[in-house]
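Accompanying notes for the structure given below.
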Amino acid sequence: MNLTVNGVDTTIESGPLTSLLDVLREELGITSAKAGCEQGGCGACTVLVNGASRRSCLTPVASIDGAAVTTVEGLGSPEHMSPVQQAFTHHYAAQCGFCTSGMMMAAQAYIEGGGSDDHEAIQEALGGHVCRCTGYVKIIDAVAAVARGESFDLSVTAAGTAMTNIGGMA
Ligand code: FES
Ligand code: FES
C-alpha cells in the first residue's frame, strides 16, 4: 500500500487492517494524531484524508490506499505556522494540547471548505471533538479569526498579554 503523507510518497508495511492512527504513530513516527478513545468518539486522532477530516483510529489503512494524508506536521512548522496554527497560538486555544491536533485538522477542513466565522457553524464543524481543558470558547474564537482572514501577532495573546507558553502544542 502507498500513501502520500504530508506531501511525501510513502510505502506502508503495516497490515491492511491496521488503523491509519497506528500507521502514522507506530510505523511512520508521526505523533500529532493522538490515541484518545480509539472508538471514534473524541476526535483526538483526526487527520485529513484527501482534504476531508477523518478519524484515523477508525480508518483501516487498506481502505485509503493511494490517498493523501495530512497531519498537523503537514500544516506548517514552528518557524512557518499555518493560519490555523497561528490562530490557535494567538488565541491561546490549547492547554494540555491533547485535543489540539485533531481540533486543528477539523478547523483546517472547515476553512478549506469555505467556512465562515459563524460560531454555530464552527461548533457544528468541530462537533464530536472533546476538549477537557479550554471550555471551547478560545478554540472557536481562533477558527472564527482564521475565517475572517485575520493576521496574528504571535508575540502577544488575543488578551494582549505577552506570549510565554503554548503548552502541549507539539
Ligand atoms: S482516538 Fe479516534 S476518535 Fe478518539
Ligand atoms: S484536552 Fe487539553 S487542550 Fe483540549
State which residue is farthest from ligand 1 (Cβ to nearest atom) when the search covers only region 54-70 and only residues that are crowded, with 23+ Cβ neighbours inside 10 Å and not in a helix (DSSP H, G or I).
V69
Read through the list (1) at pLDDT 95 or above; (2) of a type outside the set (K, R); (3) assigned to a loop (DSSP other than H, G, I, E, B); (4) under 19 Å from A44 (Cα atoms), then give the number of the only condition that G115 fails.
(4)
Near pairs, Cβ below 7 angstrom, 6+ apart or cross-chain, from region 131-149 (without any contact (Cβ under 8 Å) to a residue 40 or more places away in the chain and closer than 16 Å to E120 by Cβ) to any residue that is away from ligand 1 (no atom under 16 Å from the Cβ) and not in a helix (DSSP H, G or I):
A144/D117; A147/G115; A147/S116; A147/D117; R148/D117
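Taking the options H80, H90, name whichever one is more than 22 Å from L21 (Cβ to Cβ) and either buried (at least 21 other Cβ atoms within 10 Å of the Cβ) or within 16 Å of ligand 2 (Cβ to nearest atom) (or both).
Unique residue meeting the criteria: H90.
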Taking region 28-51, which residues are of a type in the set (G, A, S) and away from ligand 2 (no atom under 16 Å from the Cβ)?
G29, G40, G51
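Quick check: is even one residue across region 39-46 buried (at least 16 other Cβ atoms within 10 Å of the Cβ), more than 20 Å from A109 (Cβ to Cβ) and at pLDDT 95 or above? Show your work before the answer.
Here is the first cut: in region 39-46, the residues buried (at least 16 other Cβ atoms within 10 Å of the Cβ) are 42-46.
Now narrow it down to the ones that are more than 20 Å from A109 (Cβ to Cβ): none.
No, every residue in region 39-46 fails to be buried (at least 16 other Cβ atoms within 10 Å of the Cβ), more than 20 Å from A109 (Cβ to Cβ) and at pLDDT 95 or above.
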All positions within region 99-143 that are of a type in the set (V, I, T) and under 16 Å from A52 (Cβ atoms)
I111
In region 26-38, anything in a loop (DSSP other than H, G, I, E, B) and exposed (fewer than 15 other Cβ atoms within 10 Å of the Cβ) is listed as G29, C37
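The values are calculated or read from the model by the stated rules, or taken from the named source; none is laboratory data. This is a predicted model, so every value here is computed, not measured. Cβ atoms come from the backbone with ideal geometry, glycine included; neighbour counts cover every protein chain shown.
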